[in-house]
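A short write-up of the structure that comes next.
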């Protein structure tokens, strides 16, 4: 489909985006690229493929950052990360099984 010099770009894109890039170049409303020219070397085609790759990689990075953020939120915090106030003095009560008659 595209010239072999663009293999380093094409190999990093999923098949669906390669097909979409070809269709967009062929059916561009103002300046379509003829089918015969798609397989030839062209600055315009290379520029468009690089642009498509950049958008694709940016979307992958956004997804990765979003996933990492969600994992951070969902991950239980360890002791140094917890915002816990120092423990207040505790009073321990034990039941020795003796009942009083209500007098103090």
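The values are calculated or read from the model by the stated rules, or taken from the named source; none is laboratory data. Note that the coordinates shown come from a computational prediction; the quantities given were computed from them, not determined experimentally. Here the Cβ is made from the backbone with ideal geometry for all residues, glycine too, and neighbour counts use every protein chain on show.
Among the residues making up region 56-71, a single one is surrounded by 11 or more Cβ atoms within 10 Å (Cβ to Cβ) and out of contact with any helix residue (DSSP H, G or I) (no Cβ under 8 Å at 6 or more places or on another chain): 57. Scanning region 82-91 for residues that are closer than 28 Å to residue 8 by Cα and modelled with pLDDT of 70 or more turns up nothing.
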